[in-house]
Amino acid sequence: MTRSDGRGLRATVLAVVLAGLVLPIAAGLWHTVAAAFGHLPAIGKTEWSLEPWRQFLALPGAWTSVKLTLWTGLASTALSLLVAVGAATWCYGRLGPRAIGRLIAPFLAVPHAALAIGLAFVIAPSGWIARSVSPWATGWSVPPDLAIVHDPLGLSLILGLMVKEVPFLLLVMLAAMSQVPAAAQMRACRALGYGRSQVWLLIVFPQVYVQIRLAVYVVLSFALSVVDVGLVLGPSNPPVLAVALTRWFLAPDTKLILPASAAAIAQALIVLFAILIWRRGEVAVAHLGRAWICRGTRSQTWTWSSSAAAVSAGCCLALGMLALIALALWSVTWRWSFPAALPEMFSVGAWLRPGSGWGRAALNTAVIGVLATGLATVLAVAWLEGEDRAGLPRARWAEGLIYLPLIVPQVAFLYGLQVAFVWAGIAGGVAAVIWAQTLFVFPYVMLALSRSWRALDQRLVSSAAALGAGPIRRLLAIKLPILLRPLLTAAAVGFAVSVAQYLPTLFMGAGRVPTLTTEAVTLSSGSDRRVTAVYATLQSALPFLVYSAALAVPAWAFRNRRGLTGDPA
Amino acid sequence: MNALELIDISITPPGATAPLFPPVTLTIPAGEVLAVMGPSGVGKSTLIDFVGGHLGAGFRASGRVVLDGRDVTQLVPERRGIGILFQDPMLFPHLSVGENLAFGLTRRVARRSERRARVEAALARAGLDGLYDRDPATLSGGQRARAALMRSLLAEPGALLLDEPFAGLDGETRRDFRSFVFAHVKEHVIPVLMVTHDADDAEAAGTRQVVLRHE
């Protein structure tokens, strides 16, 4: 195997990524754009016009949906970042990265939808919080008629997103911190008379932010276009745009498809617009920060603000924890009348009837998750190995392509993709779902794996080569075993992403592939809490089990290898 | 008899316009250690990487590497039969000490029992008796260094490259390991190219020294 073979490998991987990932997104976007301008031969429309846009804007609540989307997306992202930054400031020097990692790890595995359902069980007027203070504090003997969940301002949607995003941003920041000589800078700046929080905010954070920018944009794009959390917690009439247009797409009335396509393109433009606004905000904040630095004001006293943020972050974690406990509790409840603080009768009945639906949904979820993750992991290893073997510098433009599915909102191209599938004569089903999920799993696996892969000491690989080991043996006997831990962690991340997918499963499965996520979201609107809880509990437990295995397997395999039991590189 | 010949070697790092040092031509007969000295940053390790075939992406290099009359310049590292020792021993952290050595041992020794015996014998010679199953991370610096040398020699290389192999050790350990290395390479009768910035190491090798200077 020579360099040119390496280039061949890389070209192959690139071709697979282009054909399997970029092309479909482009085709999906194209079909959506075409439909947005009146061209959709499938329903007999071939005239180009602006009519779908007029129809979209004339739909009841369309403008409110757009405004709600921008508000909830920007507010939840800004608040999550603010709380995460403040909490990181507070944690710095108090809690090590390992302790924080242990604290927030469960939330990374749990899908957004499950957390949202659990949160609804906690904060609803008939939820756990109301129950635990009633009737002695509130006087309520029946749930009050308050719109807490589905509130018209989207506050519970914002809260639901924060519960998931604050831990995520905190973790991303911790990972980025290891790239910044924070401890030395902290000492140097404190010696100049600056307080700890101030050094963190003015000196360390700007360096960290540059590294987490992509993650922040991903969070922003997600918050603006999320459907499942929007369905569970968001305003209902009118809902956020992503929820509204999903409804229009899935409506039996085909007349709504063209305006829905226009709305899908509007959704993509909203994300673009919001990122631009965010970017302007970054510049403005940087400007203020510089001015502040140049003034040279020393302040040792604003630890209160970081403490406040730490308390907020703690509340997010506590709410998330309560949400998960509520799910588990409801899944074994038989009778729990308001306002009892705890269930009056327990039953494992729901768990004993997999045939009622959750068995099949769990099996689908596991099979799709394992296959999508396997595909994505193999592709990621091939990508990184091709990079190593080709002896070429990293191709940033190609890496940009990988992360496309994280930034472009799913709704903007999924319907078009469905159209492209029908056009190509591919039926929706399990295979289509696996493939569509791989689009979203692959970027996350790459994100999780590439740093450790590139940090592997090349001299280990050179040593193996000098001992006569060829490229395949170097990969199988040296690189993969040494990278087992980051490899399995990346796979666990991928699995969690797969389990959480809602829209791709709904669209590409043509409604025939029920998974835990699609069922839980459907059931959450008004069904029996006990049944919903079974689905949502499983939905959280499955990725959590995989995460635990991803930690336990290398720990066991390398129990006698001190060089491999430290933090992953 | 084996000899390592470097003919007219010139290397330009990525982004640079001028080569690191004037063209290098050297012949190292078998059993001899040649010490390449020079200030840091002059490209001593880069020269080693070129000879071993480990040069990173973006380097431009010209010249030839001839081992035992065979031009190996175009060969991938695993086909050159040139061993390498770095400053860090680079024992594979997921393998036991013995497995590390077995990874190095040439496939010409095929029988399982014989392979095991050869590894055990090498361990014994390195003063590592009975440490076959040990985690390399639990060895002392000197033990690790000796294990790394034994791993290289078990591959039966036609030549050996030493990239500041003593720099990570101190005092007595360093002197012990140095004489251990030189004794073994004399016995194996192979050419050895060593780069170092420590005159002591070069003196200890007791042989020719070449000094690289910036072009």
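The values are calculated or read from the model by the stated rules, or taken from the named source; none is laboratory data. None of the values given here were measured: they were computed from a predicted structure. A quick note on method: Cβ atoms are made from the backbone with ideal geometry, for glycine too, and the neighbour counts reach across all protein chains shown.
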*residue A:61 is checked against (1) touching a helix residue (DSSP H, G or I) at 6+ places or on another chain (Cβ under 8 Å); (2) buried (at least 17 other Cβ atoms within 10 Å of the Cβ) and fails just one. What number does that condition carry?*
(2)
*Considering only the stretch B:44-61, state which residues are within 13 Å of another protein chain (Cβ to nearest Cβ), closer than 22 Å to residue B:164 by Cβ and among the aliphatic types (A, V, I, L, M).*
B:48, B:51, B:55, B:61
_the stretch A:458-476: number of residues that are free of Cβ contacts under 8 Å to residues at least 60 places away in the same chain and more than 7 Å from chain B (Cβ to nearest Cβ)_ = 5
*Considering every residue within the stretch A:418-427, establish whether at least one is over 16 Å from the mean Cα position of the chain (by Cα), more than 14 Å from chain B (Cβ to nearest Cβ) and within 19 Å of residue A:497 (Cα to Cα).*
no
*Could you list, in sequence order, all residues of the stretch B:48-64 that are more than 27 Å from residue B:169 (Cβ to Cβ) and under 15 Å from the mean Cα position of the chain (by Cα)?*
none
_Unmet requirement for residue A:23, which otherwise passes all of (1) touching a helix residue (DSSP H, G or I) at 6+ places or on another chain (Cβ under 8 Å); (2) not assigned by TED's automatic domain parsing to the domain that holds residue A:221_ = (1)
*Taking residue B:151, is it within 14 Å of chain A (Cβ to nearest Cβ), touching a residue at least 40 places away in the same chain (Cβ under 8 Å), over 26 Å from residue B:45 (Cα atoms) and not hydrophobic (A, V, I, L, M, F, W, C)?*
no
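Results for (1) free of Cβ contacts under 8 Å to residues at least 24 places away in the same chain; (2) in the same structural domain as residue A:542 (by TED's automatic domain parsing); (3) surrounded by fewer than 19 Cβ atoms within 10 Å (Cβ to Cβ); (4) farther than 30 Å from residue A:405 by Cβ, shown as yes or no for each residue.
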| residue | (1), (2), (3), (4) |
| --- | --- |
| A:318 | yes, no, yes, yes |
| A:324 | no, no, no, no |
| A:330 | no, no, no, yes |
| A:339 | no, no, yes, yes |
| A:364 | no, yes, no, no |
| A:368 | no, yes, no, no |
| A:372 | no, yes, no, no |
_the stretch B:62-101 - residue that is assigned to a strand (DSSP E or B) and facing another protein chain (nearest Cβ under 8 Å) and, of those, farthest from residue B:3 (Cα to Cα)_ = B:84
_under 27 Å from residue B:28 (Cβ atoms) and within 14 Å of another protein chain (Cβ to nearest Cβ): is that true of residue B:160 in this structure?_
yes
_Residue that is outside any helix (DSSP H, G or I) and in contact with a helix residue (DSSP H, G or I) (Cβ under 6 Å, 6 or more places away or on another chain), where the choices are A:299, A:337_ = A:299
*How about the stretch B:82-110: which of its residues are under 14 Å from residue B:153 (Cβ atoms) and touching a strand residue (DSSP E or B) at 6+ places or on another chain (Cβ under 7 Å)?*
B:82, B:83, B:84, B:85
*Look through the stretch A:264-291, keep the residues that are touching a Pro at 6+ places or on another chain (Cβ under 8 Å) and surrounded by fewer than 16 Cβ atoms within 10 Å (Cβ to Cβ), and return whichever of them is nearest to residue A:416 (Cα to Cα).*
A:286
*asked:* Going residue by residue through the stretch A:21-37, is there one that turns out to be small (Gly, Ala, Ser) and either exposed (fewer than 13 other Cβ atoms within 10 Å of the Cβ) or farther than 30 Å from residue A:256 by Cβ (or both)?
replied: no
*Conditions (1) farther than 22 Å from residue A:474 by Cα; (2) assigned to a helix (DSSP H, G or I): number failed by residue A:382*: (1)
_Out of the residues in the stretch B:121-148 meeting the condition of being among the aliphatic types (A, V, I, L, M) and not in a helix (DSSP H, G or I), tell me which one is farthest from residue B:171 (Cα to Cα)._
B:131
